[in-house]
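Have a look at the structure below, then the notes.
The values are calculated or read from the model by the stated rules, or taken from the named source; none is laboratory data. What you see is a predicted model, and the numbers here were worked out from it, not measured in a lab. Here the Cβ is made from the backbone with ideal geometry for all residues, glycine too, and neighbour counts use every protein chain on show. Accessible surface is based on the protein model in full, side chains and every heavy atom, while ligands, DNA and RNA are left aside. Shrake-Rupley method; radii C 1.70, N 1.55, O 1.52, S 1.80 Å.
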Amino acid sequence: MDSPSSSTTGDTSKVPIKSSSSIVESLRGCGISSGTHVDKEELRKNLTMPKYLRFAMRDSIMFKDPTAGENLCIRSKDDHKAVAPSTPMIVFINPRSGGRHGPFLKERLQHLMSEEQVLDMLDVKPHEFLQYGLGCLEMLTGLGDSCAKETRKRIRIMGGSFPFSWKAAIKRTLYKASIGPICRLDSWRLSLSMPEGTIIEPPHSLKHTIEFTLDEGLEFEGELSENVICYEGVFYNYFSIGMDAQVAYGFHHLRNEKPYLAQGPITNKIIYSGYSCTQGWFFTPCTSDPGFRGLKNILRMHVKKFNCPEWEQVPVPTSVRAIVALNLHSYGSGRNPWGNLTPEYLEKRGFVEAQVDDGLLEIFGLKQGWHASFVMSELISAKHIAQATAIRLEVRGGEWKDAFMQMDGEPWKQPMSKDFSTFVEIKREPFQSVMINGE
């Protein structure tokens, strides 16, 4: 959980373990009426797992072996009477976010649940919990443990944010997450292929993998390197390329190098806005050619549209300096840049109403910083480009040495080759996840 300023939560009751590399889904509307009284002991009872299960999952994660906790399940007489809580909860903490209040937030959460149910993302990655923690529950379920079975069925994993007055809102937020209704959520697999020898610092969400096969139904414009390096990962909210990712990358490194600057969400937004200006999103330096800053110079995009199995090239507008593929109606602190479109406009453009479970990504563009500011203020909509069931991006250098990309808020610098193309393919995962709907 980003303490106290981030985005995501999920319920894993029906998520197959092998369906994704990340279990952090999205929680929207985490707030609850300040007048609502939440009984601490009742909340702890509803959230806290039996001790033997917590310790078994802890050991499985520690030793990266789902069976490592099996010996702990030679239970005492009391353990055999253990009953799964109504809404067992796992919470992830990002200690570097939200003004560095992570350690204090972690302590408060552990007091409301248990030490083993609050995980530091620097120590345990979400995909590791998915593989080993949930794998432990699956193993115990296979051995006939009914408590483990019910816990696995009901468990919810939270990686979301608290409101500004977060110290007073911890109980209410956990309560909201425990009772919130759930809905289906698409997840998307991103595959990244680059020429061998390319050096990148991938985000946690991207993992090195064996070479993946590019869809042969589409021709390449540039040359494909004989030897390539490949990464894959899963996102739930968005992927973007361009200036917004460049600003996010710079801010991310500034925050790590000078953590004293990150004192809270308001301070972060002020610094982020200032950094946007220094990167030229608002004011392109007179000494540079503005044409070089348009993604059209380095990017070729193909998509598969709704009910169409064929790839179609989509022109990249000259003015666009950032392209976003959005799954949730939440980008940039919860904004909806796609907008609420009228039925007439949808029909005119061949679009359908955007949903989180429709198998479609909404692709839009952001121009200069002023345009992005108006979009984020929801005064205007972003530049609508397409809706797609699959996306192929071919990126090639030239005047630009690097591109910047991000998925679900994790940015990275992507070096580009003048001789060979780098490819990004995005396709929908076959399994849907479920998320808490806080609306």
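Can you name the residue in the stretch 374-391 that is surrounded by 23 or more Cβ atoms within 10 Å (Cβ to Cβ) and at pLDDT below 95 and is also nearest to Lys304 (Cα to Cα) among such residues?
Ala382
Listed residues Glu362, Glu347, Glu312, Glu378; which is without any contact (Cβ under 8 Å) to a residue 60 or more places away in the chain and in contact with a Leu (Cβ under 7 Å, 6 or more places away or on another chain)?
Going through Glu362, Glu347, Glu312, Glu378 in turn, just one is without any contact (Cβ under 8 Å) to a residue 60 or more places away in the chain and in contact with a Leu (Cβ under 7 Å, 6 or more places away or on another chain): Glu362.
Looking only at residues in the stretch 68-86 that are open to solvent by 50 Å² or more (accessible area, probe 1.4 Å), part of a helix (DSSP H, G or I) and modelled with pLDDT under 70, which one is nearest to Leu134 (Cα to Cα)?
Taking the candidates together, the pick is Leu72.
Could you please find all residues in the stretch 202-251 being among the small types (Gly, Ala, Ser), over 18 Å from the mean Cα position of the chain (by Cα) and buried (at least 18 other Cβ atoms within 10 Å of the Cβ)?
Correct list: Ser225, Gly250.
Would you say Gly334 is in the same structural domain as Phe251 (by the TED database), of a type in the set (Gly, Ala, Ser), farther than 26 Å from Gly233 by Cβ and open to solvent by less than 50 Å² (accessible area, probe 1.4 Å)?
No, not satisfied.
Return the residues of the stretch 396-422 that are over 18 Å from Arg189 (Cα atoms), more than 22 Å from the chain's Cα centre (by Cα) and touching a residue at least 24 places away in the same chain (Cβ under 8 Å); say none if nothing qualifies.
Matches in the stretch 396-422: Arg396, Gly397, Gly398, Glu399, Trp400, Pro415, Met416, Ser417, Asp419, Phe420, Ser421.
Among the residues that make up the stretch 188-201, is at least one of them outside any helix (DSSP H, G or I) and in contact with a helix residue (DSSP H, G or I) (Cβ under 9 Å, 6 or more places away or on another chain)?
No; the residues of the stretch 188-201 include none that is outside any helix (DSSP H, G or I) and in contact with a helix residue (DSSP H, G or I) (Cβ under 9 Å, 6 or more places away or on another chain).
Taking the conditions exactly as written (open to solvent by 20 Å² or more (accessible area, probe 1.4 Å) and either under 24 Å from Leu218 (Cα atoms) or of a type in the set (Val, Ile, Thr) (or both)), does Pro343 satisfy them or not?
No: the conditions fail for Pro343.
If only one of Leu119, Leu143 is in contact with a helix residue (DSSP H, G or I) (Cβ under 8 Å, 6 or more places away or on another chain) and surrounded by 19 or more Cβ atoms within 10 Å (Cβ to Cβ), which one is it?
Answer to the check: Leu119.
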